[in-house]
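Here's the structure we're looking at; comments come further down.
The values are calculated or read from the model by the stated rules, or taken from the named source; none is laboratory data. Here the structure is a predicted model, which means the values were calculated and not measured. As a convention, Cβ positions derive from the backbone with ideal geometry for all residues, glycine included, and neighbour counts pool all protein chains shown.
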Amino acid sequence: MPKVKIHNVFSGLPDARGREVFQTLRKGRGLRIERIVSRGQATPPGQWLCSKAAEWVIVLKGRARLLFKGVPKQFDLKAGEHVFIPRKTSHRVDWTHPKQRTVWLAVHWAEG
């Protein structure tokens, strides 16, 4: 019988004042699940993130703002809100709350 252990995504949260913290929770064939903790961090101005993998991300706690290249609208996310980011989609984190931790759960996978 497999050994089952329960974990809590909110336990041991880093302060994240100095830098954003990425922690891989589970990794497998073409799949990665990570917890991201932000506190005032954003993608540097003019820089865009663009991954070879698709990404689904949810804000579990806190607030953030995402921008997508070529899309004039900004996307303000609060706890419980999530977004799917197709592979090779240029996007950036424009803002995270500076006085509280923003806790994200991100699932990255290589699409067939």
Among what's in region 1-56 and is hydrophobic (A, V, I, L, M, F, W, C) and touching a Phe, Trp or Tyr at 6+ places or on another chain (Cβ under 7 Å), pick the residue that is surrounded by the fewest Cβ atoms within 10 Å (Cβ to Cβ). LEU31
All positions within region 37-51 that are under 12 Å from ARG65 (Cβ atoms) and of a type in the set (Val, Ile, Thr): THR43
Per the list (1) farther than 16 Å from PHE10 by Cα; (2) surrounded by fewer than 12 Cβ atoms within 10 Å (Cβ to Cβ), residue check on GLY80 breaks on (1)
Are any residues in region 29-41 modelled with pLDDT of 95 or more and out of contact with any Asp or Glu (no Cβ under 6 Å at 6 or more places or on another chain), and if so, which ones? LEU31, ARG32, ILE33, GLU34, ARG35, ILE36, VAL37, ARG39, GLY40
Take region 77-109 and flag every residue that is of a type in the set (Val, Ile, Thr) and assigned to a strand (DSSP E or B). VAL83, ILE85, VAL93, THR96, THR102, VAL103, VAL107
